[in-house]
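Participant: Starting off with a structure, shown below.
Please treat every number below as a calculation from the coordinates, not as lab data. None of the values given here were measured: they were computed from a predicted structure. Neighbour counts run over all protein chains shown; Cβ positions are idealised from the backbone, glycine included.
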Amino acid sequence: MAKEKTTVFFCKECGYESPKWSGFCPACHTANSMVEAPKEKAPGFSRISGGQRRPVPVRLEEIPQEAQDRYDTGIEELNRVLGGGLLPGSLILTGGDPGIGKSTLLLQVCRNLAAAGQKVLYVSGEESLRQLKLRADRLGRFSGDISFLCETDLDQVVRILQEEKPQVAVIDSIQTMQSAQTASAPGSVSQVRECTNILLNTAKGCNIAVFIVGHVTKDGAVAGPKLLEHMVDTVLYFEGDRHAAYRLLRSVKNRFGASGEIGVFEMRSDGLKEIPNPSAYMLSGRPENASGSAITCVMEGTRPLLLEVQALVTRSNYGLGRRTSAGADYNRVNLLLAVLEKHLNMALADCDAFVNVTGGLRINDPSLDLAIILALYSSYRNLPVDPDTMVFGEIGLAGEVRSVPLAKERVQEAARLGFTTCVLPKSSLTSDVKARGIRLIGVGTIAEAVSILS
Ligand code: TYD
Ligand code: MG
């Protein structure tokens, strides 16, 4: 039997498209508005024929420029991560481990937006109104037009959004929402996708900026994995060690700004506080003149961040050396140990080596290599690195120090925090890489780099 062609249904009122018919539109809830789309008319694959809609390509100049005002979230770090504030009608996915502070951050955002005159709706499918109130009480006074709703039925939530027309809404969390459109269980992949799709249509249709909270699975993806990321405008990840006080908000996708941007926060008893100067925060309390410690600068998005790398190299009691690494890639640390062994004749086979990037950050930037090398060497020889020296550079297998991008930004960040010397790859040492009050030492090999210690 020949396979029947699939039909498409779409809503006469709002244009919502669905593969199956329903008595009311899942997006705008108008009754009996779903009609079967004639093949030629079906949105998405319209064909040109006499009297039909004819799409016309336009030139860039012909597109009207809309000066979109962004809302100020009242949190500078978040504004920056969003690309300069919250854009009306945008859909933002906020992911992160449970308990990391997603609800707290969004509740603070709602509070600020309401105080600034925006109409806000906070929908929670996870907590009761009493629990929300307890949290709100910790954050301080709330004022303005903000209301709360405990609901897991997304169709009801969408109806309320359309009636109330808030400017900003929070859906906490997408895994708890369910819509009559799909029969599958809440939290399942198809349910999460369908709910996000409905919210996307509502956000665009009613020009509501919607934050969606998404929990992260064990392997670090927003549950219903990457599948939501392409649907939304912005994806933010909240990360950090649950037991350390600071939190990192990172944009991994942003249609309205740079991605990879980070904001740094600290969790206090009265909510999240932004840390405008994260480098100083990360370096606070570092030991002075201790061996096995080196300061480096990594780039997180467009933002330079100074960090301390610590290493401890000790004789092993069991013959075969143990290696551990926290914050830096384990295999990378092993590779760097092998480079040290080969090119500086260090006997490391029977040594334990521990490497730690302080602050609990996980760094993938290869410019971290030189600091790991120096920290390991410093610990092995028991020679401290000068506390006013910052180092960065990638290490190659031949023991060469290779250039890394954005050297100027790194040097300037170090100068800003009062460092007086910077050891960097020779090839990164171009004429524009300079800053006041900082001496630059270009090195080509790890042997040259470690010579600054003796
Ligand atoms: P929460 O925002 O509930 O996390 P998520 O929504 O990502 O699951 O944050 C919960 C944690 O934050 C919890 O362990 C308590 C802590 N917390 C504070 O330390 N200070 C505060 O002011 C608040 C509201 C929470
Ligand atoms: Mg929560």
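Participant: Compute the projected area of the convex hull of the Cα atoms of the range 71-275, averaged over all viewing directions, and report it in nm² to one decimal place.
Facilitator: 10.1
Participant: State the antiparallel share, in %, of DSSP beta bridges confined to the chain, rounding to the nearest 5.
Facilitator: Looking only at bridges with both residues in the chain, the antiparallel portion is about 50 percent.
Participant: If you take the alpha carbon radius of gyration of the range 362-437 and divide it by 2.2 N^0.38 Å, what ratio comes out, to two decimals?
Facilitator: 1.10
Participant: Now for a separate question. With 11 Å as the cut-off, how large is the P(r) tail for the range 251-299, expressed as percent of Cα-Cα pairs?
Facilitator: In whole percent, the long-distance tail amounts to 78.
Participant: To the nearest 0.05, what FRET efficiency results for residue 270 and residue 397 with a Förster distance of 56 Å applied to their C-beta separation?
Facilitator: The value I calculate is 0.65.
Participant: Would you mind checking the pairs 204/253; 342/434; 273/426; 253/342; 253/273; 20/204 and listing those with alpha carbons more than 30 angstrom apart?
Facilitator: From 204/253; 342/434; 273/426; 253/342; 253/273; 20/204, over 30 Å: 342/434; 273/426; 253/342.
Participant: Related question: Using the basic label-point model (7 angstrom from Cα toward the beta carbon), what is the residue 135 to residue 244 distance in nanometres?
Facilitator: A separation of 2.4 nm, rounded to one decimal place.
Participant: How far apart, in nm, are two points set 7 Å out from the Cα along the Cα-to-Cβ line at residue 426 and at residue 315?
Facilitator: That separation, rounded to one decimal, is 3.7 nm.
Participant: Taking the alpha carbon gyration tensor of the range 281-453, what are the square roots of 5 times its eigenvalues, largest first, to the nearest whole Å?
Facilitator: For the range 281-453, the ellipsoid semi-axes come out as 25, 17, 14 Å.
Participant: Here is a follow-up. For the range 99-197, which semi-axes, largest first and in whole Å, follow from the square roots of 5 times the eigenvalues of its Cα gyration tensor?
Facilitator: 25, 15, 10
Participant: Sticking with this one: Can you give the angle from 0 to 90° between the axis of helix 330-343 and the longest principal axis of the chain, with both taken from C-alpha atoms, to the nearest 10?
Facilitator: 30
Participant: Here is a further query. How are the alpha carbon pair distances in the range 84-137 distributed across 5 Å bins from zero to the largest one, expressed in percent?
Facilitator: 4, 15, 26, 29, 17, 9, 1
Participant: Spelling out what I want: for every residue of the range 387-403, take phi, set θ = phi - 60°, compute 6.51 cos²θ - 1.76 cosθ + 1.60 (Karplus), and round to whole Hz; glycine and proline get x.
Facilitator: Using θ = phi - 60°, the values come out as x, 9, 10, 10, 10, 7, x, 8, 10, x, 5, 7, x, 8, 9, 9, 6 Hz.
Participant: With Rg and the Kirkwood Rh both taken from Cα atoms, where does Rg over Rh land for the chain?
Facilitator: My calculation of the ratio gives 1.07.
Participant: Of all chymotrypsin sites (Phe, Trp or Tyr not before Pro) in the range 300-380, which ones are in loop regions per DSSP and have a Cβ with at most 12 other Cβ atoms within 10 Å?
Facilitator: Sites meeting the loop and neighbour criteria: 318.
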